[in-house]
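The values are calculated or read from the model by the stated rules, or taken from the named source; none is laboratory data. None of these values were measured; they are calculated from a predicted model. Ideal geometry is used to build each Cβ from the backbone, glycine not excepted, and the neighbour counts take in all protein chains shown.
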Amino acid sequence: MQQIAAQISEKAESIPIIKDIVLFDSELISKTRHLFYLLKGAYSSLHRESILTSMLSTLIIRYGDPPPVPCQVGLQHTATTRACRYIEAHSMRNLSLEELAGVACLSPFHFHRLFLRNTGVSPHEYLIQFRIKKARELLMGGNSIARVAMDLGFADQSHFNRYFKRVIGVAPGRFIQLNKRQVLQAKALNTE
């Protein structure tokens, strides 16, 4: 918590004191539940770290005593662009928020805020959308669902199916059925 508080204000901070024992904050409750859900499963480090950073910064900014004064985040497109290129080049790896923040030369807290402000999505969501874009190309090229899931760094096929359906609107198998003609043509070209 002390690290997050220092990142929020970009200066050394003491450990923030949370005076209220019981908090009724729906956003904070949602983030906390999401974090505990992620900690139970085989989810990426980037996803877990992003939610942890978001949850703790919300807690510290809203309920810390004294609350740190957040620094202004500029529109540093260069840092965001560098991070996006890095995500795309290393999309099969289990990236961490700390690693991406290092690429952008920012603290994890500021990197997360800046990335969200400049792209409209979190670094984790950007990674998922990039992987799904690649998955569409691979599926259209005649690759199997299991192979695509494994090649793109998803924990397993059901994990891949869940994200694919959320982003595309249909499950991978249905996507292949809807694009059967193009998939068959791609398979025929691959065997020639």
Quick test of your reading of the structure: T32 fulfils all but one of (1) touching a helix residue (DSSP H, G or I) at 6+ places or on another chain (Cβ under 7 Å); (2) at pLDDT below 75; (3) part of a helix (DSSP H, G or I). Name the failing condition by number. (2)
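Of the residues G102, G120, only one is at positive phi and among the small types (G, A, S); which?
Working: G102 fails: at positive phi.
Just one listed residue meets the conditions, G120.
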Being among the basic types (K, R) and loosely packed, with under 12 Cβ neighbours inside 10 Å is the filter; apply it to the stretch 163-189 and report the residue that is modelled with the highest pLDDT. R166
Cβ-Cβ under 8 Å pairs, at least 6 apart or on other chains, the stretch 89-113 side in contact (Cβ under 8 Å) with a residue 60 or more places away in the chain, far side of a type in the set (D, E) and surrounded by fewer than 20 Cβ atoms within 10 Å (Cβ to Cβ): M92/D151; S107/E10; P108/E98; H110/E10
Mind checking which helices (runs of 4 or more DSSP H) fall wholly inside the stretch 88-192 and carry at least 3 residues that are within 23 Å of L46 (Cβ to Cβ) and polar (S, T, N, Q)? 157-168
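Looking at the stretch 90-131, which of its residues are aliphatic (A, V, I, L, M) and crowded, with 20+ Cβ neighbours inside 10 Å? Working first, answer last.
Step one: list which residues in the stretch 90-131 are aliphatic (A, V, I, L, M), which gives 92, 95, 97, 100-101, 103-104, 106, 114, 116, 121, 127-128.
Result: L95, L97, L100, A101, A104, L106, L114, L127, I128.
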